[in-house]
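Notes follow the structure.
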Amino acid sequence: MNIQNYINGEFHNPASNKWIDNYNPSNGEVYGQIPNSGKNDVENAYISAKSAFPSWSLTTLEERSRILIKISELLEANIERFAKAESKDNGKPISLAKVVDIPRAASNFRFFGNAITQFASESHESVGQNAINYTLRQPIGVVGCISPWNLPLYLFTWKIAPAIAAGNCVVAKPSEVTPMTAYLLGEICNEAGLPKGVLNVVHGLGTSTGQAIVEHQDIKAISFTGGTVTGAHIAKVAAPMFKKLSLELGGKNPNIIFADCDYEDMLESTVHSSFANQGQICLCGSRIFIESSIYEKFKKDFVEKVKALKVGHPSEKDTNIGALISKPHIEKVKNYISIAKEENGTVLFGGNEVTVKGYENGYYLEPTVIEVPNDECRVNQEEIFGPVVTILPFNKEDDVLLMANKVKFGLSATLWTNNLKRTIRMSNQLQAGIIWVNTWMMRDLRTPFGGVKASGVGREGGFEALRFFTEAKNVCIKY
Ligand code: NDP
């Protein structure tokens, strides 16, 4: 199936008529083509967004909210179709797309449709100076949203929904390897009555289409989720133009397990936090640290559970682990497994490609558990972004804190303990934007989301996102 750019409420071929193959990761076959858009297409999308802005920015909050909630409802009504498309495009189990990706995309629109009606600004009385200040939070204008392939519609809409709720018009680019649901979203937006030009979706390569969005002089803000290297590049290009930037980047998150935790809950959740979405979630707990007294027991129990995970075709109901996103990506992940061996790591389970009958050219890999000799080896420091976790014992709280923080990333951390004082001590000191205690990936969309260090700049979620997508302007009136 071929897809097209969505510009000014209509579907268009790329100006150059150049196309890129779209692969199905579950069988390695090309199943469609996507536009290889260039500067012209981005310019057309910008012009369309610019023309829609005066009217959309003055559309009442009630009306904006109504349209966003309508989009949410239409996504829910089309969940089967969207989940199927997401699973085919990305290789993730359809069961996951159905309960996580698409419902969350719908929630993003519903949440920001409601949030915008509650978003308020401040006023400050300058006591003794006969003056009052009030702060306007005005939409920025045309903004750019660029998203990755691991949670395609989920992360695409996590940016678009607050951007348009706040009154901006958007030029957006999904990852070139997972464009399908972003394409289908255009139809839903039209059906929901989103005015033409408020959302424009341009497909193509990061280095050309994405780059053209970032380089565009009049696209005033960029919200980007993706790899740290790409984020650094975008920051460099955007900084001289003084664009507003939100960067949600990579992670290498510690999962710290103390002996006093609720063991069964921890075990269940740790399997999930290690391998959900084939381990391709920026929040996965890819470095597992276990208190020495339970290390051997954990090792045995964890490996047993991991062995039971079924690697299979994404459309099969009992598949736990689907296909990785692409040929180059599975090669990258396999290379890290080789590096682990060279660094004297012990592969306790996995490490091999899996052949799924009937889909022999798909990108399937066993969930892989590696016991590492120390925390400084490359597999413990670099983001692998696949179904690979490391395990390592620790003796003391201070030691594990040091190891947990001794990476360049700082996105999230998970703690398993029933000791309240330790929870607070550690949560205060862990270098991460998100800490989960006795749970993983539990999300409340009102909370700030984002990382520190090489995991990014800025926060998304709740009013933080609405603040990002608006400019604060203070008005001071002397009376
Ligand atoms: P990339 O950085 O490769 O790409 C992300 C997006 O940026 C894609 O749409 C890509 O397009 C585009 N892009 C690439 N180069 C440029 C450029 N020069 N200018 C503008 N846009 C560009 O990341 P991946 O898609 O590989 O995603 C995986 C990464 O995302 C991991 O590091 C992961 O940790 C991170 N991530 C972070 C999250 C967070 O919230 N912190 C959440 C999810 C993922 P194209 O794909 O077409 O090349």
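If you filter the stretch 455-479 down to residues that are more than 15 Å from the chain's Cα centre (by Cα) and of a type in the set (A, V, I, L, M, F, W, C), you find that the one that is nearest to Val143 (Cα to Cα) is Phe469. If the condition is being over 21 Å from the mean Cα position of the chain (by Cα), among the polar types (S, T, N, Q) and either in a strand (DSSP E or B) or surrounded by fewer than 21 Cβ atoms within 10 Å (Cβ to Cβ) (or both), then the stretch 411-446 contributes Asn418, Asn419, Thr423, Ser427, Asn428, Gln429, Asn438.
All conditions in (1) aromatic (Phe, Trp, Tyr); (2) surrounded by 16 or more Cβ atoms within 10 Å (Cβ to Cβ); (3) more than 24 Å from the chain's Cα centre (by Cα) hold for Tyr23, with the sole exception of (3).
Can you tell me which condition Leu309 does not meet? The list is (1) more than 16 Å from the ligand (Cβ to nearest atom); (2) over 20 Å from Asp101 (Cβ atoms), and all the others hold. Of (1) more than 16 Å from the ligand (Cβ to nearest atom); (2) over 20 Å from Asp101 (Cβ atoms), only one is false for Leu309: (2). Of the numbered criteria (1) free of Cβ contacts under 8 Å to residues at least 12 places away in the same chain; (2) at negative phi, the one Asn17 fails is (2). Taking residues in the stretch 200-224 that are in contact (Cβ under 8 Å) with a residue 24 or more places away in the chain, and partners anywhere that are basic (Lys, Arg) and more than 8 Å from the ligand (Cβ to nearest atom), the pairs with Cβ atoms closer than 7 Å and at least 6 places apart or on different chains are Ala212/Lys39; Lys220/Lys243; Lys220/Lys244; Ala221/Lys243; Ala221/Lys244; Ile222/Lys243; Ser223/Lys159.
Pairs meeting the criteria (first residue in the stretch 228-257 and of a type in the set (S, T, N, Q), second residue more than 12 Å from the ligand (Cβ to nearest atom) and in a helix (DSSP H, G or I), beta carbons under 8 Å, at least 6 apart or on different chains) are Ser246/Phe468; Asn255/Thr270; Asn255/Ser273; Asn255/Ser274. Annotation note: of Lys70, Lys84, the sole residue that is surrounded by fewer than 24 Cβ atoms within 10 Å (Cβ to Cβ) and over 16 Å from Leu153 (Cβ atoms) is Lys70. Just so you know, in the stretch 317-345 the residues that are surrounded by fewer than 13 Cβ atoms within 10 Å (Cβ to Cβ) and over 21 Å from Asn361 (Cα atoms) include one that is nearest to the ligand (Cβ to nearest atom), and it is Ser338. Quick check, is Thr181 buried (at least 24 other Cβ atoms within 10 Å of the Cβ), closer than 22 Å to Glu464 by Cβ and among the β-branched types (Val, Ile, Thr)? Spelling it out, it is not the case that Thr181 is buried (at least 24 other Cβ atoms within 10 Å of the Cβ), closer than 22 Å to Glu464 by Cβ and among the β-branched types (Val, Ile, Thr). Go through (1) closer than 28 Å to Pro25 by Cα; (2) within 16 Å of the ligand (Cβ to nearest atom) for Cys189 and report which single condition fails. Going through the list (1) closer than 28 Å to Pro25 by Cα; (2) within 16 Å of the ligand (Cβ to nearest atom), Cys189 breaks only (2). Please work out if Glu176 is more than 8 Å from the ligand (Cβ to nearest atom), surrounded by fewer than 24 Cβ atoms within 10 Å (Cβ to Cβ) and not basic (Lys, Arg). So Glu176 does not fit the description; no.
None of the figures in this text is laboratory data; all of them are computed from the coordinates on show. Note that the structure is predicted; figures quoted are calculated from it, not measured. Using ideal geometry, Cβ is built from the backbone for each residue, glycine included, and neighbour counts are taken over all protein chains shown.
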